[in-house]
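First the structure, then my questions, so here it is.
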Amino acid sequence: QMRTTRKVSVWPVGLVGGRRYERPVVENGKVVGWYTGWRADRPFAIDMAGNLQVILSHPKAVFKRRGSQPGMQESDFLKQITTVEELEPKANNCTKVLVWHTRTEKVNLANEPKYHLDTVSIEV
């Protein structure tokens, strides 16, 4: 699915942020919010990987190691190259987990809500 990306695509990620998954919330094919365990008010509440061509086409875009608020580095960078309206939802409108944030340690689900709060049912 990444091969069909024109600019910046997004999808759910499993086992991240102390939850079973985090994802963009999509309505009518557009990202309208974020299902995340931490600061859903961020402009881009995501970790990210990059499309080299998009990054090279914005030579003045800078990923700040310092000067961004904690957890805002991705948002500060992405605001320089795209808008939320331009995001391309993948993985069946962000309803399927096809990518996992894995580590070689026990999974921490400390931020998983006691009751299912998402509007869709996702198998992880």
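The values are calculated or read from the model by the stated rules, or taken from the named source; none is laboratory data. As the structure is a computational prediction, the values presented were derived from the model and not from experiment. Using ideal geometry, Cβ is built from the backbone for each residue, glycine included, and neighbour counts are taken over all protein chains shown. Accessible surface is based on the protein model in full, side chains and every heavy atom, while ligands, DNA and RNA are left aside. Shrake-Rupley method; radii C 1.70, N 1.55, O 1.52, S 1.80 Å.
Tell me which residues, restricted to the stretch 85-124, are part of a helix (DSSP H, G or I) and open to solvent by 50 Å² or more (accessible area, probe 1.4 Å).
GLU85, GLU86, ASN92, ASN93
Restricting to the stretch 39-51, count the residues that are modelled with pLDDT of 85 or more and open to solvent by 60 Å² or more (accessible area, probe 1.4 Å).
2
For SER68, which of the numbered conditions (1) over 17 Å from the mean Cα position of the chain (by Cα); (2) free of Cβ contacts under 8 Å to residues at least 24 places away in the same chain; (3) open to solvent by 100 Å² or more (accessible area, probe 1.4 Å) fails to hold?
All conditions pass for SER68, except number (3).
Name the residues in the stretch 10-21 that are open to solvent by 30 Å² or more (accessible area, probe 1.4 Å) and out of contact with any helix residue (DSSP H, G or I) (no Cβ under 6 Å at 6 or more places or on another chain), would you?
Looking only at the stretch 10-21, we keep the residues that are open to solvent by 30 Å² or more (accessible area, probe 1.4 Å), and these are 11, 13, 15, 17, 20.
Selection gives VAL13, LEU15, GLY17, ARG20.
Here is a further query. Within the bounds of the stretch 61-84, is there any residue that is in a strand (DSSP E or B), in contact with a Lys or Arg (Cβ under 9 Å, 6 or more places away or on another chain) and not aromatic (Phe, Trp, Tyr)?
Scanning the stretch 61-84, I find no residue that is in a strand (DSSP E or B), in contact with a Lys or Arg (Cβ under 9 Å, 6 or more places away or on another chain) and not aromatic (Phe, Trp, Tyr), so the answer is no.
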